[in-house]
Amino acid sequence: MGFVIAVDGPAASGKGTIASRLGETYRLPVLDSGLLYRAIGLAVIDAGADLDNEADCTQAAGSLDFSHLAGARYRTRLAGEAASRIAVHPGVRQTLIAFQRAFAQQEPGAVIDGRDIGTVIVPDAPAKIYVTASQTARATRRWRQLVGLGEEANYETILADVRKRDARDAARSAAPMRPADDAVLLDTTDLDIAGAFDAARRIVEDARARWEQSPTG
């Protein structure tokens, strides 16, 4: 395995932007694992199936083509809520494990962001960051994002969504959202994009230095 950077954290913490910039900086492919769950959730909705039915969601996960995932629809509130609901199903998560691990096995490495990358998908990743921020800060960011996409968005409703999603992600039986024991915590509440990325880059540089000095590096 090459140099893998696992970037975990809750919704709207900034982990997606950080992961993307780390990929550009280190010239590594980037996988937004949340996008996979959003795509599955939307596929279930489009099929008229039940987001709370594990069999329906697992079937959608097994038949979806993940090579063409782009577009504003995947960033909508509907997609985010659907992703959170189907992510509780062990069958869905199990279906996606092989795909994500294969992505991580690329040479010279990869950047993957999600909620269980450092704990389940690539527990031996050389660099692990757990990106977090206060719920109010994340709700504000999400509200601004949705408004920028042209959606009608109410801040209080978004804040309630953030709280509900955090509780659901942390309480699920399959790969609950939590920092890996060896992950470095990065709180972006009071950081702008540049500051958050600079902090993440320094974390990765420290991890890369250790990795290069290790027998497997």
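The values are calculated or read from the model by the stated rules, or taken from the named source; none is laboratory data. Quantities reported herein were computed from a predicted structural model and do not represent experimental measurements. For neighbour counting, all protein chains shown are included, and Cβ atoms are generated from backbone atoms with ideal geometry for every residue, glycine included. SASA here: full protein model, heavy atoms, side chains in, ligands and nucleic acids out. Shrake-Rupley method; radii C 1.70, N 1.55, O 1.52, S 1.80 Å.
Overview of values
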item: Filtered residue count, segment 115-131, keeping only those that are modelled with pLDDT of 95 or more, buried (at least 21 other Cβ atoms within 10 Å of the Cβ) and not in a helix (DSSP H, G or I); result: 8
item: Boolean, residue 101 is open to solvent by 30 Å² or more (accessible area, probe 1.4 Å), within 14 Å of residue 175 (Cβ to Cβ), without any contact (Cβ under 8 Å) to a residue 40 or more places away in the chain and part of a helix (DSSP H, G or I); result: yes
item: Hey, residue 139 touching a helix residue (DSSP H, G or I) at 6+ places or on another chain (Cβ under 6 Å), within 20 Å of residue 174 (Cα to Cα) and either among the aromatic types (Phe, Trp, Tyr) or open to solvent by less than 20 Å² (accessible area, probe 1.4 Å) (or both) or not; result: no
item: Failed criterion for residue 92 (all others in (1) out of contact with any helix residue (DSSP H, G or I) (no Cβ under 9 Å at 6 or more places or on another chain); (2) part of a helix (DSSP H, G or I); (3) farther than 30 Å from residue 214 by Cβ hold); result: (1)
item: Which listed residue is open to solvent by less than 80 Å² (accessible area, probe 1.4 Å), touching a residue at least 12 places away in the same chain (Cβ under 8 Å) and under 15 Å from residue 125 (Cβ atoms), from 174, 200, 196; result: 200
item: Counted residues, segment 142-152 - those being aliphatic (A, V, I, L, M) and buried (at least 18 other Cβ atoms within 10 Å of the Cβ); result: 1
item: Residue in segment 180-203 that is outside any helix (DSSP H, G or I), in contact with a Pro (Cβ under 8 Å, 6 or more places away or on another chain) and closer than 20 Å to residue 115 by Cβ present; result: yes
